[in-house]
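S.K.: Handing you a structure now.
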Amino acid sequence: MPRPTAAQLAYGSCTVIFSTLAMLLLSETASGLGIVVIALAALALGLLVAWTVPVAGAHAAQASAEPVADEERVPTSL
């Protein structure tokens, strides 16, 4: 499994923090079990966001691996 990029870590961390705060404020829970459930849900959401952030290097490598057809080439001189 490849290491996560800085963007994946940042998006995942922000998602966990903000979704935890939002769910705690909206649910107004005071019980320990409610807080644990909200924290686990926010962690799962943060992992989902971190895994689905596109990796720039993979798209660039995939794009460069595709051959260019003759019809798509544009002449540089007139």
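S.K.: Report, by residue number, each residue of the range 51-78 that is part of a loop (DSSP other than H, G, I, E, B), modelled with pLDDT of 65 or more and of a type outside the set (A, V, I, L, M, F, W, C).
M.R.: Looking only at the range 51-78, we keep the residues that are part of a loop (DSSP other than H, G, I, E, B), and these are 53-55, 66-69, 73-78.
Add one more test, that the residue is modelled with pLDDT of 65 or more, and what stays is 53-55, 73-78.
Of everything in the range 51-78, those that are part of a loop (DSSP other than H, G, I, E, B), modelled with pLDDT of 65 or more and of a type outside the set (A, V, I, L, M, F, W, C) turn out to be Pro54, Arg73, Pro75, Thr76, Ser77.
S.K.: On to the next question. Output the qualifying pairs, or none if there are none: Cβ atoms under 7 angstrom, residues six or more apart or on different chains, first residue in the range 27-50 and more than 20 Å from Gln8 (Cβ to Cβ) and in a helix (DSSP H, G or I), second residue of a type in the set (Asp, Glu) and modelled with pLDDT of 90 or more.
M.R.: Hits for this filter: zero, empty list.
S.K.: Can you tell me which residue within the range 1-13, out of those that are touching a residue at least 24 places away in the same chain (Cβ under 8 Å) and in a helix (DSSP H, G or I), is farthest from Ala39 (Cα to Cα)?
M.R.: Per the stated criteria, the residue is Ala7.
The values are calculated or read from the model by the stated rules, or taken from the named source; none is laboratory data. Remember, it's a predicted structure, so these values are computed and weren't measured experimentally. Heads up, the Cβs are rebuilt from the backbone with ideal geometry, glycines too, and the neighbour counts pull from every protein chain shown.
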